[in-house]
Structure formats: structure tokens, C-alpha cells
Amino acid sequence: MENKISEYEKKIEFLEKKVSDLEKYNASMRECLLKNVQFSTKLSNITYEMDCLLVKKGQEIRDLEKKIEQSSKSKPTPTLMDFEIEMTPEVHEKDLAASKSGSSESCDLDANDYVETIFIPKKGFSLDG
């Protein structure tokens with residue numbers, strides 16, 4: 001009978017060690033689970049903050065688009081009628097000579113005479129936004 005008692009004591013010791021090992025493992029798993037929950041919470045908070053920033057930046061972009069649209073509506077697109085033509089002195093001299101001579105034609109100007117023609121915005125008209 002002492003053999004049986006000794007055998008049961010060994011089994012109880014073995015089972016107690018197993019229970020102790022399982023409790024340690026369980027504690028370790030709870031700690032990991034807690035860390036995962038904390039990490040998940042932090043990740044959710046970061047995701048929420050990023051979503052808020054995206055919404056805010058999206059609104060800023062829409063506001064800028066509205067401002068651009070409004071400014072383009074208030075300022076017409078420039079056309080050639082919005083510019084004064086300023087020609088180089090040599091072109092003025094040829095035009096002046098032609099008008100003094102009384103010829104009905106301006107003068108014999110070729111395309112190269114007008115290469116230096118400059119378009120200047122009329123007073124009060126601005127190309128700047």
C-alpha cells in the first residue's frame with residue numbers, strides 16, 4: 001500500500017507541476033493579450049487621428065479649389081484685346097515715314113520687322129492671381 005501512496009504522491013507532484021506550468025503559461029498569455037489590446041487601442045487612436053487629418057486636409061483642398069474657382073470667375077481670361085501693342089522704334093519710324101509720304105499703304109514691312117513687337121497689359125488689367 002505504501003507503494004500505491006508513493007505512486008499517487010508522484011502523480012500529484014507531477015500534476016501540481018503541470019498546473020503550475022499552465023498557470024505561468026496562462027499568465028504569460030494574459031500579458032500578451034493585454035499588450036495586444038493596448039497596441040490595438042493605440043493603433044485605433046492613430047488611425048482615428050489620421051482619418052481626422054485626412055478629412056481636415058480634404059476640406060482645405062476643397063476650400064482652395066473654391067477660392068481658385070471664384071478668383072477665375074472674377075478675373076476673365078486675358079485675350080489679345082486686353083493688351084496694348086508696343087512696337088520697336090524701327091517699326092514706328094517706318095510707319096511714321098509711310099504716313100508722312102501720304103501713301104495709302106503702311107509701308108513695305110516684312111514679318112521680321114514685327115518680331116520684336118511686345119504685348120503689354122492695358123492699365124488696370126493684371127495677369128497676376
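The values are calculated or read from the model by the stated rules, or taken from the named source; none is laboratory data. What you see is a predicted model, and the numbers here were worked out from it, not measured in a lab. Cβ: placed from backbone, ideal geometry, glycine included. Neighbour counts: every protein chain shown.
Residues that are among the hydrophobic types (A, V, I, L, M, F, W, C) and in a helix (DSSP H, G or I) within segment 1-17 comprise Ile5, Ile12, Phe14, Leu15, listed in sequence order. Criterion applied to Asp51, Asp95 was being acidic (Asp, Glu) and at pLDDT 60 or above, and the one residue passing it is Asp51.
Name the residue, out of Ser44, Ser20, Ser71, that is touching a residue at least 12 places away in the same chain (Cβ under 8 Å) and part of a helix (DSSP H, G or I).
Selected residue: Ser71, the only one of Ser44, Ser20, Ser71 that is touching a residue at least 12 places away in the same chain (Cβ under 8 Å) and part of a helix (DSSP H, G or I).
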